[in-house]
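Written out below as C-alpha cells is the structure these notes cover.
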Amino acid sequence: MFRLLTLLLILAGSAAADTETPAKLVESHDGFDYTRKTVEIAMRDGVKLHTVILIPKAAKRAPILLTRTPYDADKMTSHEDSTHLAMALSGYDHVVDTIIEGGYIRVVQDVRGKYGSEGDYVMNRPLRGPLNPTKTDHSTDTYDTIDWLVKNLPESNGKVGILGVSYDGFTPLMALVDPHPALKVSVPMNPMVDGWRGDDWFHNGAFRQQGLPYIYNQEATRKNESLWPASSLDQYDMFMDAGSAGELARRRGLEQMGFWQKLVAHPSYDAFWRDQAMDKILGARPLKVPVMLVHSLWDQEDMYGALAVYKALEPKDIANDKVFLVMGPWHHGGEIGDGSTLGPLHFDSDTGLTFRRDILLPFLDHFLKDAAPPLTTSPVTAFETGTNQWRHLRAWPGPSKATPIYLAASGKLVTSAPAGDAFVEYISDPAKPVTFVPRPFPFGEDGSKVWPDWLVTDQRDPGSRPDVLVYTTDVLTAPLVISGEPVVHLTASTSGTDSDWVVKLIDVYPPEVERHPALGGYQLAIAMDIFRGRYRESLETAKPLAANTPLAYTWALPTTDHVFLPGHRIMVQVQSSWFPLYDRNPQTFVPSIFDAKPGDYKKATQRVYGKSYVELPVVAR
C-alpha cells in the first residue's frame, strides 16, 4: 500500500510538471509608462463592447481620446511588446505622436459585432429608424461608452474627444447625433459619408467593384478570419473572367453577406442611401460640438465625404468657431503618416507631421485641456499643391470665378465656345476597357502598395489609347490658380443605350523638371471622376439613353486647391471605362448592371461635342 501511495504521489508530481502554464496570466506592468485596461462596457440594450484603455502613468485630470473601430481594438493598441505607450500604439494608432505629446488617455473600442464586441455587425449601421429597427446605433453606443468612461476613469478630467480615419472617421460623425455632454470635440478624418454619391461603394452610380473583397473580409466572420480568395495575379483577369460584378460576387458566395444583398437591391440613389448619408443627417440637426473635418486631396477611397459634411455644417457656424476644415496633399489617411511625398510628388516638408503637431494637437488641447490654450486654428487650413504652401482661410472655397475651358474638336482646350456642332469620336469596347492603373494590378501586398497612390499615377498611359480623348492648352506663361470643385458640362452621344463618362483634369509638367527628373512630362491628375449615364435625368430612376443623340451631362469633380505653374499645360481626358476599379458598363441598358449577361456588353461609338466644357474655379491673385 505504501509503495502504491508513493507511486501515485510521483505520478501526481509528474502531472503537475506538465502544466507549467498558468490557468490565467496576470500581466505585470511594473516599469511601464502606462496602464492598460480591458473592459467590456455594457450598452443600454445589454450588449457589451470590447474596450481597450491606455492611461499614461502620470495622468491626472487628463482628457480622453476615443476611437470606435471595426478593425480590432486589441491589435491597434498592442503593436509592440514594449513598456512604452508610444511603441504600443506605433503601428496602428491614428495619431500616436499627438496622444503622447498631449498626455491623453487613449481609448479604442470594437464596434458591435466585430472582434471582441458582442452584438450584430451591420456595415455603417444606420441611425435608429426606418433603416434600423433596433433601439441602438453608433450614436447611442458612443453616448453610452462616453458615459461609462467619464464615470469610471478617475484619472480623466471628464472631457472626451473622438477621432478616426475612414470607417473610424464615420463613427465620430455619428457621435455628433444627440452627443453626450462630455463630448467636447469630434475629428472625422477621411470619413465614409455617402456611399453612393462619391465614397466607397459607388461614384455617381458607377459601382466600385474594388470594394468586393473588403465586403467579404469584413462581413464573412467577426474577426476577419475568412479572406477573399484570389484567382489570378492580375485583378484585371479576375474581373474580366467573371463578366459582371454580380457574377463575381456569386462565385465567391458573397450573396451570404447582408450588405451585399443591400447593394444589389439598391443600385440607384433611393431612400436607402439618402436617409443614411451623414451630411444630410447632420445638416438637419443642431450643431452642438466643435468638429474638425480632415480631407485628402487625393483620397482614393472617401473623396466625397468630408467636403459634403463641411457644406452641410458650415452655414450653421454663425460665430465661425465650431466647424473647421483641413485639406492636405495626402492619399486616404495620409495625414497620420509621413506626408513629405505622394507617389512622385515632393512637398518640401512633412505635411502629415505639420497637421498633427501644428493643427490637430493645439485644436484638441484647446477644447479638451483644463487650462485651455487659446484657439489658434484657422477655420480652413488648406495645402495648395503646385506652390506647396499652407493657406489659412475663413471659409472654403474662397472667392473664385467660374471659368469655362471648352473641349474643341481640334484637341485644344480653349476659352471661347467653338461654333457649330463639331465632335470627336471613339469606339468604347467593353472587351478592352481602359484601366485605372497600368497592368498588372496585383492582389495582396503588392496591390496594397499600388492602391494608396493610384490617383497620382501618370496619365500618359491611358492618354495614348485610341479610346481616350485628349485636350490640352498651350504652355502656360502665367500661373493659374484653382480652388474648389471643377464642374463638368459634357455634351456627348453614344450609339448604345447606356454609357459611362470619365473626365480627368490634368496638370502636364514640362518635358524636363529640375531636381525631380521623374516628373519630366508627367501628367498629374488634379481631379477626376466618373458618371453613369443612366442617371442623367434622375439619380433615383435609371433610364436608357437615346442612342446617337447629343445629351447633356453635368457633375462636379472632387475639390481642388492647385496652381498650374508657368511652363505647364492643362489637359482634359475623356473616356468611357475605368477598369477594374469600376464595373464595366455593358453600353446596353439593362435594369441592373449587377445582372448583366455576356451578350449585353457591346461596342459603342462615343462622340464628344465641342460645346462641352469644364468649369474651373479660378482664383485671381
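The values are calculated or read from the model by the stated rules, or taken from the named source; none is laboratory data. In this text, all values refer to a predicted model and were calculated from it rather than measured experimentally. Cβ atoms come from the backbone with ideal geometry, glycine included; neighbour counts cover every protein chain shown.
Somewhere in the stretch 202-210, is a residue under 26 Å from Q256 (Cβ atoms) and modelled with pLDDT under 95? Scanning the stretch 202-210, I find at least one residue that is under 26 Å from Q256 (Cβ atoms) and modelled with pLDDT under 95, so the answer is yes.
The residues listed here are V481, V513, V475, V488; of these, the one that is more than 25 Å from D583 (Cβ to Cβ), part of a strand (DSSP E or B) and hydrophobic (A, V, I, L, M, F, W, C) is V481.
Each row is one residue, and each column tells you yes or no for (1) surrounded by 21 or more Cβ atoms within 10 Å (Cβ to Cβ); (2) closer than 27 Å to T341 by Cβ; (3) out of contact with any Gly (no Cβ under 6 Å at 6 or more places or on another chain); (4) at pLDDT below 95.
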| residue | (1), (2), (3), (4) |
| --- | --- |
| Q459 | yes, yes, yes, no |
| V488 | yes, no, yes, no |
| T497 | no, no, yes, no |
| V502 | yes, yes, yes, no |
| E512 | no, yes, no, no |
| L519 | no, yes, yes, no |
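Restricting M123, M174 to those that are more than 22 Å from G334 (Cβ to Cβ) and either without any contact (Cβ under 8 Å) to a residue 60 or more places away in the chain or surrounded by fewer than 23 Cβ atoms within 10 Å (Cβ to Cβ) (or both) reduces the list to M123. Of the residues in the stretch 241-263, not one is modelled with pLDDT under 95 and either among the small types (G, A, S) or not assigned by TED's automatic domain parsing to the domain that holds L65 (or both). The criterion of being surrounded by fewer than 22 Cβ atoms within 10 Å (Cβ to Cβ) and of a type outside the set (F, W, Y) holds for L476.
The sole residue among N190, N157 that is in contact (Cβ under 8 Å) with a residue 60 or more places away in the chain, at positive phi and not assigned by TED's automatic domain parsing to the domain that holds P580 is N190. Do you know which of the residues in the stretch 252-266 that are surrounded by fewer than 16 Cβ atoms within 10 Å (Cβ to Cβ) and of a type in the set (D, E, K, R) is farthest from N217 (Cα to Cα)? Restricting to residues being surrounded by fewer than 16 Cβ atoms within 10 Å (Cβ to Cβ) and of a type in the set (D, E, K, R), the top hit is K262. Of the helices (runs of 4 or more DSSP H) lying entirely inside the stretch 87-186, the ones with 3 or more residues being at pLDDT 95 or above and hydroxyl-bearing (S, T, Y) are found at 138-152. Scanning for something crowded, with 19+ Cβ neighbours inside 10 Å and under 19 Å from Y426 (Cβ atoms), does the stretch 541-550 turn up at least one residue? Checked against the condition, which is being crowded, with 19+ Cβ neighbours inside 10 Å and under 19 Å from Y426 (Cβ atoms), the stretch 541-550 yields at least one hit.
For first residues located in the stretch 440-455 and closer than 26 Å to T560 by Cβ, partners that are outside any helix (DSSP H, G or I) and of a type in the set (V, I, T) and lie 6+ apart or on another chain with Cβ distances below 8 Å form the pairs F441/T435; V450/V437; W454/V437.
Just wondering, is there one or more residues in the stretch 232-246 that are surrounded by 23 or more Cβ atoms within 10 Å (Cβ to Cβ), over 24 Å from A527 (Cα atoms), hydrophobic (A, V, I, L, M, F, W, C) and out of contact with any Ser or Thr (no Cβ under 6 Å at 6 or more places or on another chain)? Looking through the stretch 232-246, at least one residue is surrounded by 23 or more Cβ atoms within 10 Å (Cβ to Cβ), over 24 Å from A527 (Cα atoms), hydrophobic (A, V, I, L, M, F, W, C) and out of contact with any Ser or Thr (no Cβ under 6 Å at 6 or more places or on another chain).
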